[in-house]
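First comes the structure, then the notes that go with it.
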There are 2 protein chains.
Amino acid sequence: MAAKLDETTALNLKFDEHGLIPAIVTDAKDGTLLMFAFMNREAIDVTRETGHAHFYSRSRKVLWKKGETSGEIFAIASIMTDCDQDVLQLKVTPEGQGAACHTGRKSCFYRKIAGGKLEFTDNEKLFDPAVAYRK
Amino acid sequence: MAAKLDETTALNLKFDEHGLIPAIVTDAKDGTLLMFAFMNREAIDVTRETGHAHFYSRSRKVLWKKGETSGEIFAIASIMTDCDQDVLQLKVTPEGQGAACHTGRKSCFYRKIAGGKLEFTDNEKLFDPAVAYRK
């Protein structure tokens, strides 16, 4: 454990070897875990400047704005970091229809592991993905 | 987006190039984000077998049981995965004194970014780290 990092007010974020830091997104109002993504320094800067969540896509290797296509934008309420300063928590106010997940659900975490299978715990779709992502 | 992974009941977790998967730990009762760690296949198996959260330490390169030293054990309520099956959410019931963080706080996320600094949002220590981690 990094004893100096956990009780300081000095901002000293630790990025991994790819220049990334994990970002956990929760609903500022009810605390629901909405999604998980990675940010780089630029994503953090743009998020703070604009007040809207931006992430770094590891597969596409680009900065992306959450909701750019679907309209499911996240307004930033606050950005927290953890004791080791190597993880972020984004507390957000979802705009649009409140579906953080590209499947149209409120949260990306809608299935639980049950035995060797997955079990759906939320099947309510707040938008139709076929429509929301039509170009 | 992995279209096939997001609507299936088939369990097909995706591990990264190091054999790890991020695990977000939330309080099963009130949804509070408690901590973040990584799991490997063994950590998942042991967690499911024992009903207590185990993680993989990237720095020490070992499996570790949450609370082994501090007594702050996590009983598993359920394990969720996300649309892409490359992140886990552990919904847990904290045992011990309810301090997930090694600093003695309920959550590892107790500081927010404010300007170029960090600001403490929770300074309540549920245990004294100097005592809890004394060997």
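The values are calculated or read from the model by the stated rules, or taken from the named source; none is laboratory data. This is a predicted model, so every value here is computed, not measured. We place every Cβ from the backbone using ideal geometry, glycine too, and count neighbours over all the protein chains shown.
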Could you please give the count of residues in the range B:87-106 that are small (Gly, Ala, Ser) and buried (at least 23 other Cβ atoms within 10 Å of the Cβ)? 2
Pick from the range A:58-86, criterion among the hydrophobic types (A, V, I, L, M, F, W, C) and more than 21 Å from A:ASP30 (Cβ to Cβ), ranking: surrounded by the fewest Cβ atoms within 10 Å (Cβ to Cβ): A:VAL62
Exclusive hit being hydroxyl-bearing (Ser, Thr, Tyr) and more than 12 Å from chain B (Cβ to nearest Cβ), set A:THR121, A:THR93: A:THR93
Among (1) surrounded by fewer than 19 Cβ atoms within 10 Å (Cβ to Cβ); (2) assigned to a strand (DSSP E or B), which single condition is A:HIS18 missing? (2)
Yes/no for A:ASP84 being at pLDDT 95 or above, acidic (Asp, Glu) and under 17 Å from B:CYS108 (Cα atoms): yes
Here the residues within the range A:23-36 that are of a type in the set (Gly, Ala, Ser) and either over 30 Å from A:ARG105 (Cβ atoms) or at the interface with chain B (Cβ under 9 Å from one of its Cβ atoms) (or both) are A:GLY31
Considering only residues that are assigned to a helix (DSSP H, G or I) and either within 19 Å of B:LEU88 (Cα to Cα) or under 19 Å from the mean Cα position of the chain (by Cα) (or both), which ones fall in the range A:88-131? A:PRO129
From the list B:ALA43, B:ALA77, which residue is outside any loop (DSSP other than H, G, I, E, B) and either without any contact (Cβ under 8 Å) to a residue 12 or more places away in the chain or at the interface with chain A (Cβ under 10 Å from one of its Cβ atoms) (or both)? B:ALA77
Condition set more than 10 Å from chain A (Cβ to nearest Cβ) and touching a strand residue (DSSP E or B) at 6+ places or on another chain (Cβ under 9 Å), scope the range B:6-22, selection nearest to A:ALA28 (Cα to Cα): answer is B:ILE21
Of the conditions (1) within 10 Å of chain B (Cβ to nearest Cβ); (2) not in a loop (DSSP other than H, G, I, E, B), A:PHE55 satisfies every one except a single condition; which number is it? (1)
